[in-house]
Amino acid sequence: MMKKLIYSIAMVAGLTACNGDYDDWSAPQNNPGSETAAKYVIPTENKLGGINFAEAQDDTVQLFSATPAGGSVEKYDVTITNEERTKVQQIEATVDGKVAVADLETAVKQVYGIRPVERTLFYTISTLLEVSSADGVVVAECCSDTLNFKATPNAPVLSEAYYLVGDMLTKKDAEGNTINGWGAEGMQKFSHSDKDVYDDPVFTIKFETTAANQYWQVIPQRNIDMDEFWNKDNGVLGVITDGDAAWEGSLVTTNPGAGLIVDPGKYILTIDVLDGTYKLEKQPLELYLTGSKYSWGGTWLPMTPIYGSDVDFWTVIYLDAEEKFKFAPQAAWRNDFGGEATIIDEANSGVVADGTDLKCSQAGWYLLHVVNDAERKVEILAPKVYLIGETAGEWNVNDSHLFTVPATSDGEFVSPEFAKDAALRMCVSIAGFEWWMTEFIIADGKIDYRGKGGDQARVNVTAGQKAYLNFTNGTGEIK
């Protein structure tokens, strides 16, 4: 009676192998608890010396030819890996050793990334065969020796850095000389992460225009390295139509035109040099908080801007244990951030990144200082609120003027008694900023924050009174 035994492929560092540096697959093997049978090597010849996917014209390419030990083959499984055997991808091949070019390119990119440089890849093939042996006919999973080929992904050549040039960057130096914003002296570098440009092809820059109708383009680092600043055949980036004032669109390197910024203002330009796109937007002067306590966008809590800064914001807030939260520059889901930011926890809140969100482990009141700049930062501070000025008896931030902190989320912060009849002024203290940049008052029963505004209308109080603040409700009382 025919016996059928199925043997699995041995895997070494994730790679199927049959002999050479790994196992002698041609030698009989003993599978404990079963009958002895041979494992078979498929004689295989590599047919693909190399492939540049940018030049590939056919849908399929012959990777190998194989001579099975016996029986019929419906398909082959191809296991592809890098030289270190740390990444593995599998694709299918036809009986005549052909693979889809699209599948092969995807495997190459998964193993080595998309940088358009030639790489050496290693592969084996395997299949199930009915093979005659001393035990009868066995169904054996057979594989090949390790073979290799070279491949170059189809991707644009990217630079490690990019620079903005344009009318708005023209300026005067200390001696009154004009620095041209269209040259190497006036250009400004885009911000970028520490990642490889092919893993993170997005660059951003913040700048200001003080005049109308300002034109711009982008210079890649390789132009500078080759001393060919304006070699447009070498990668200068611009818009398709010269003078295009669209807020977003495509970037091209063939006959690149100059983009147009119509109105003066502060802007953020984001470019994706792999997709070849750009997005221009005005710098946000607002920041909002939402999260699990606020139905993830059902409510957006406004942060208070710090006077004199376009990127610094603060709030005094009660965070619950296990509460998740994040920020956005408008009361809507766009350009939101949380877990991606640098976290500075000086209050032992246990706030950590939870994916793209932030998560708090220690319930309590905190002062949050958030920087929405090229590098986003979230600083969690102790909720120190101060009296300042004549009602405190001095114009210095001093712990003797601290408000008491409530134990519950609906509790009130309570000031010391006012030292004299005077105008009430209060603040939080954030390193790098003067107290008046984060000051606030109580007006008409509400906490009234200065933010980016000028001096507030003064509210006079009486010596011996106290201020009571409910930051959850945004209310205040003097009594």
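Just so you know, all these numbers are worked out from the coordinates, no wet-lab data involved. The structure displayed is predicted, hence computed values, not measured ones. When we count neighbours, we look across all protein chains shown, and the Cβ atoms used for this are built from the backbone with ideal geometry, even at glycine.
Report, in debye and to the nearest 20, how large the dipole of the range 330-419 comes out about its Cα centre when Lys and Arg carry +1 and Asp and Glu carry -1 on their Cβ.
180 debye
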Let me know the charge dipole size of the chain about its Cα centre in debye, to the nearest 20, where only the beta-carbon of Lys, Arg (+1) and Asp, Glu (-1) is charged. 720 debye
What is the set of long-range amide H partners of TYR288 at a cut-off below 5 Å, with H atoms built 1.01 Å from backbone N? MET303, ALA328, GLN330
Proximal lysines to LYS293, defined as alpha-carbon separation beneath 27 angstrom and excluding residues fewer than eight positions away on the same chain: LYS324, LYS326, LYS359, LYS377, LYS384, LYS446
What's the center-to-center distance, using Cα atoms, between the range 209-224 and the range 138-173 in Å? 25 Å
Return the distance in nm (one decimal) between the two label points of a simple spin-label model at GLU83 and GLU248, each offset 7 Å from Cα along Cα→Cβ. 4.0 nm
Gain upon complete extension [LYS446, ALA212; 0.36 nm per residue less C-alpha separation]: 80.2 nm
Using the Cα centre of the range 37-124 as the reference point, and only Cβ charges (+1 on K/R, -1 on D/E), how large is the resulting charge dipole? Debye, rounded to the nearest 20. 320 debye
Most positive-pole-ward Cα, LEU147, ALA347, PHE471, against dipole of the chain from beta carbon charges: PHE471
Taking N as the residue count of the chain, its alpha carbon Rg divided by 2.2 N^0.38 Å gives 1.44
Theoretical gain in end-to-end length, ASP272 to ASP373 [0.36 nm per residue, Cα-Cα removed]: 34.5 nm
Along the charge dipole of the range 180-323, which of ILE224, VAL202, GLY298 sits closest to the positive end, that is, farthest toward it, with unit charges on the beta carbon of Lys, Arg, Asp and Glu (+1, +1, -1, -1)? GLY298
By how many degrees, between 0 and 90 and to the nearest 10, does the Cα long axis of helix 101-112 differ from the longest principal axis of the chain? 60 degrees
Just tell me which aspartates and glutamates come within less than 17 Å, Cα to Cα, of LYS172; anything on the same chain fewer than 8 places away is out. GLU185, GLU208
I'd like the FRET efficiency for THR356 and VAL157, computed as 1/(1 + (r/R0)^6) with the beta carbon distance as r and R0 of 30 Å, rounded to 0.05. 0.45
What does the extension gain come out to for ALA463 and ILE344, with contour length at 0.36 nm per residue minus their alpha carbon separation? 39.0 nm
